[in-house]
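Reviewing the structure listed below.
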Amino acid sequence: MSDTATSATADLKTAFDAMKDAGARPLRQSAWDAFSREGLPNRRVEAWHYTDLRAALCAVAPLRAAGPATPALARERESCRFVVLDGAFRPDLSDVSALPYGVSVLSLREALACGEAEILAALAGDAEDPTLALNAALMQDGAVLRVSPGCVLERPLEFANFISGGAARSVFTRSLVILGAGARATLLESFTPLERSGSQENHALVMVLGDGAKLDHVATIAPQSEDAVRVVSLLATLGENSALNSFCLVEGGGLLRRQIFATLSGVNADVSFNGASLLRGRDHADTTLVIRHESPGGKSREFFRHIVDESATGVFQGKVSVAPLAQKTDGAMQSKSLLLSDGASMNNKPELEIFADDVVCGHGATCGRLDADQLFYLEARGVPKPRAEALLIEGFANEALERVKDEATRDALAARVAAWLRMREAL
Amino acid sequence: MLEIKNLHVSIGDRKILDGLTLTVHDGEVAAIMGPNGTGKSTLSYVVSGREGYDVTQGEVLLNGENILGLAPHERAAKGVFLAFQYPVEIPGVATMTFLKAALNSQRRARGEDELQTPDFMKRVNEAAARLGVVKDMLRRPLNCGFSGGEKKRMEILQMALLEPRLCILDETDSGLDIDALRVVSEGVNALRAKDRGFLVITHYQRLLDYIKPDTVHVMAKGRILRSGGPELALELESSGYKDYIGEAA
């Protein structure tokens, strides 16, 4: 290991020593041991080939005390919101006194202190990744939500992660949502800096869907400063006949790795992961997903649109693996990128790993520029070129946004895309 | 209204238009007929301002103003409208969003107030009803999943909405069955007006049975070789283009 890597590991060890007695010691210790075996991933690790986290984290920011007592927090839409600020669950800022019927919430600290076996097992997850292990070793706080079986929630639930500005800080959060059998809910998830900073964030959300449960999930990752390093993971386990429809809007900012680990463990489970990323400047955004079909009749759809401008870099790695048992699996993955400048780059790596013989699985990845015929068509109708380009880019993003079922949420996402494009048009 | 004077156009080293001269008056429907590969589509693109064509000589005047230096959207705002031979599909862009952007961009460029949504909707719905454009088409992304006939109807709907001064119809009959051809032609005929000129580009006489031209021009090898009245189109239908291909060679 190089000196900087040694120093980063030493800083992380200091953080671990500070956190190891904050509940679930065995879980933290085994996670730390798993992390220590590999250290921070670099490009020699296959799953991290396009994103060198070790180089980006040569100086590890310290864990800091919780943020401001009474921050002004933006609210985009009506929801039952749980706020995590600078890595601490904040009941005082959350809607804990008006929980919908059938929903219970604990902070991660409380949940770890209770030590309930089901919760601990769910929190541990079964995905193998050094940054996830690091997250489990150092998790500071988060929200643990349970939705009772059969409960149908009208009002969306929301996990809102806020990060204060100022000196760079490290933040590790882990949250959990368990949907009982037949429960239905919408979960919004947001990552928003109060002021931009070079934060080093590692967030994990674990979802457990019981048999027949249905969850719509919409995440937004707001822009952060150029020197920020963020890893945002989603782990999902799906029971029989359950369905998860997930969307994420990435607005870049520094280095971002979004990773999804989904396991379709029950028969006829159905997942759909969709997303759009808007990258400019020197943004580096990596979306990596691993979908494991473990039972028959599963269906998985992945649909991503990447818009890459200036000197930004996009990465998409999608792996769909089908176990021998998982006959009649139906999988389709699509990743399309739009490169808006000569300095923009995109790395696409779709992968299928199929051990069953009666399956339909496909993938497609394309990378291109704005279409000259489409552009001329719009211009010939009177639309000036910058606006015509914006319409086409918006249209490209819309193809992914259309996968979001709720109209109000879709409109809010479209407004963010439009705002991003206005900055481009203004140049 | 439209005067094209001695127009020479190349793509790279290849000469496409070779001294083309043509005038279309206010209220006139001028048909341009000619064999494949004579530069008919190039003419429509050069007049509407597409990039990639080198104009080496000549002028294109719209109401006396040379428009060759203008960007496509500026020409559109001055009243140039090209009905495409192959209207492009634009996934993700809602038809209504596109129509509103086009209409209001042109209005802004002319210093007019933008249309507000209720007024805009009213105009679109009226034009759609006249042209048999069903609501479902307006709800879809632009031209996506449309049949050939539906795409052409959408072109005419745009023409009706944008009220151009000069309409260029590039092989509007291609890919249309008889019923669609009739609907599209009726749409065009309804837009004939004394302050609006039409340049109808076609291979076949058939379209001109529905859209009756005032003048017919035979184009081959990059220029107009003969001009006449509607009878010229009938003559071409029986004799073909072979005389003209020979003449120009």
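Numbers at a glance
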| quantity | calculated |
| --- | --- |
| Given (1) within 13 Å of chain B (Cβ to nearest Cβ); (2) more than 19 Å from the chain's Cα centre (by Cα), number of the condition A:Met423 does not satisfy | (1) |
| The stretch B:209-232 residues that are closer than 11 Å to B:Gly34 by Cβ, paired with ones that are charged (D, E, K, R) and open to solvent by less than 70 Å² (accessible area, probe 1.4 Å) (beta carbon under 8 Å, 6 or more apart) | B:Met219/B:Lys40; B:Lys221/B:Asp18; B:Gly222/B:Asp18; B:Arg223/B:Asp18 |
| Lone qualifier among A:Ala372, A:Ala418, A:Ala326, A:Ala344 - being open to solvent by less than 50 Å² (accessible area, probe 1.4 Å) and within 14 Å of another protein chain (Cβ to nearest Cβ) | A:Ala418 |
| Hey, A:Ala400 in contact with a helix residue (DSSP H, G or I) (Cβ under 7 Å, 6 or more places away or on another chain), under 17 Å from B:Pro91 (Cβ atoms), in contact (Cβ under 8 Å) with a residue 24 or more places away in the chain and not in a strand (DSSP E or B) or not | no |
| Filtered residues of the stretch B:112-145 (kept if more than 14 Å from B:Leu162 (Cβ to Cβ), open to solvent by less than 70 Å² (accessible area, probe 1.4 Å) and within 14 Å of chain A (Cβ to nearest Cβ)) | B:Arg140, B:Pro141, B:Leu142, B:Asn143, B:Cys144, B:Gly145 |
| Count of the stretch A:58-84 residues which are open to solvent by less than 20 Å² (accessible area, probe 1.4 Å) and more than 23 Å from A:Glu189 (Cα to Cα) | 1 |
| Yes/no for A:Arg109 being open to solvent by 50 Å² or more (accessible area, probe 1.4 Å), part of a helix (DSSP H, G or I) and touching a strand residue (DSSP E or B) at 6+ places or on another chain (Cβ under 6 Å) | yes |
| B:Glu150 being under 19 Å from A:Ala380 (Cα atoms) and not hydroxyl-bearing (Ser, Thr, Tyr) | no |
| Selection count, the stretch A:73-104, where residues are of a type in the set (A, V, I, L, M) and either under 21 Å from the mean Cα position of the chain (by Cα) or under 13 Å from A:Asn161 (Cα atoms) (or both) | 7 |
| Check on B:Thr23, away from chain A (no Cβ under 14 Å), in a strand (DSSP E or B), without any contact (Cβ under 8 Å) to a residue 24 or more places away in the chain and open to solvent by 40 Å² or more (accessible area, probe 1.4 Å) | yes |
| Number of the condition not met by A:Thr237 [criteria: (1) open to solvent by 10 Å² or more (accessible area, probe 1.4 Å); (2) on the phi > 0 side of the Ramachandran plot] | (2) |
| Tally of residues being open to solvent by less than 30 Å² (accessible area, probe 1.4 Å), outside any loop (DSSP other than H, G, I, E, B) and facing chain B (nearest Cβ under 8 Å) across the stretch A:381-395 | 4 |
| Some residue of the stretch B:170-179 being in contact with a helix residue (DSSP H, G or I) (Cβ under 7 Å, 6 or more places away or on another chain), within 14 Å of another protein chain (Cβ to nearest Cβ) and either open to solvent by less than 10 Å² (accessible area, probe 1.4 Å) or of a type in the set (Lys, Arg) (or both) | yes |
| Residue within the stretch B:84-107 that is at the interface with chain A (Cβ under 9 Å from one of its Cβ atoms), open to solvent by less than 10 Å² (accessible area, probe 1.4 Å), among the β-branched types (Val, Ile, Thr) and touching a Leu at 6+ places or on another chain (Cβ under 7 Å) present | yes |
| Test: residue in the stretch A:126-142 that is in the same structural domain as A:Thr51 (by TED's automatic domain parsing), more than 19 Å from A:Asp211 (Cβ to Cβ) and touching an Asp or Glu at 6+ places or on another chain (Cβ under 7 Å) | yes |
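The values are calculated or read from the model by the stated rules, or taken from the named source; none is laboratory data. None of these values were measured; they are calculated from a predicted model. Glycine gets a Cβ as well: all are built from the backbone with ideal geometry, and neighbour counts include every protein chain shown. For accessibility, only protein heavy atoms count, side chains too; no ligands or nucleic acids. Shrake-Rupley method; radii C 1.70, N 1.55, O 1.52, S 1.80 Å.
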